[in-house]
Amino acid sequence: RQARSSASPALQLRLAKNAGLRIPHTTFTNNLQDVLELAEKHKRIIVKPGPFLGMAMNEQRILTQLIDPTTLRAEDLHSSPCLFQEYIEKACELRAHIIGQTVLTCKIDSQRTETTKIDWRNYALADTPHTPIDISDELSKQCLEIIKNLGLSFGIMDLIVTPEGEIVFLECNSQGHWL
């Protein structure tokens, strides 16, 4: 039961904000009007299924991707709630691995290739270097606080570093993904 609640994007985003991290403007919805309103506020928006089954585009699993909300049909979205967020420009991404009280972080140079600019999980690994990086004590403390408040002792956080150097929290995977 604990792990199930820790997977909630709404809870994770709230805890990250409470820890002092910036979070993207986010809408969880199956209502097209909500998506259109988000798009009016932000130049570009992304969609990702979050913990939901989410929409299938061209019968493929959705990774995070830019979306033109005018291409959505209300009847398709109605049965498939998704997570929509403002798109945030990236200098790079960080993946913080929290194990107990230890925070190990790698920098992902996702902006080096078109394939991984929106979502590094499109796996062009040869062209998307992952390198160890030291993060500030403050960011380490924020990561540890989020993990603690999720009731976890292990988690992997995805973060964006904007071109201005600001850190933006995206999510925490409570089980890790091993490829």
Checked against the structure, the computed Cα extents along the principal axes in Å among (1) 46, 39, 31; (2) 89, 34, 24; (3) 38, 38, 28 is the one labelled (1)
For the chain, what does the helix formula give at 222 nm: sum of -39500 (n - 2.57) over DSSP H segments with n ≥ 4, over the residue count, nearest 500 deg cm²/dmol?
-6500 deg cm²/dmol
Subtracting the Cα-Cα distance of T29 and A91 from 0.36 nm times their residue separation yields 19.5 nm
List the relative contact order of the chain as a percent without decimals, with contacts defined as Cα pairs under 8 Å and 6+ residues apart.
26 percent
Under 25 Å between alpha carbons - lysine pairs in the chain that sit 8 or more apart or on different chains
21
I'd like the antiparallel share, as a percent to the nearest 5, of DSSP beta bridges with both residues in the chain.
95 percent
For the range 98-179, what is the convex hull volume of the alpha-carbon atoms per residue, in Å³?
99 Å³
I'd like the orientation of helix 9-18 relative to the chain: the angle between its Cα long axis and the longest Cα principal axis, in ° from 0 to 90, rounded to 10.
50 degrees
Expected unfolding gain across T102-S5 under the 0.36 nm per residue rule, minus the alpha-carbon gap, is 32.6 nm
To the nearest 10 degrees, the tilt of helix 137-149 (Cα long axis) against the first principal axis of the alpha carbons of the chain is 70 degrees
Using a 10 Å Cβ count of at most 12 others and DSSP loop calls, identify the longest part of the chain lacking such trypsin sites (Lys or Arg not before Pro).
74-179
On the formula 1/(1 + (r/R0)^6), with r taken between the Cβ atoms of N173 and D76 and R0 of 35 Å, the FRET efficiency rounded to 0.05 is 0.80
From highest to lowest solvent-accessible area (probe 1.4 Å; ligands, DNA and RNA excluded), D109, D158 read D109, D158
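The values are calculated or read from the model by the stated rules, or taken from the named source; none is laboratory data. The model shown is predicted, which means the values in this text are computed figures rather than measured ones. Glycine gets a Cβ as well: all are built from the backbone with ideal geometry, and neighbour counts include every protein chain shown. Note: accessible area is taken over every heavy atom of the protein model, side chains too, but ligands, DNA and RNA are not part of it. Shrake-Rupley method; radii C 1.70, N 1.55, O 1.52, S 1.80 Å.
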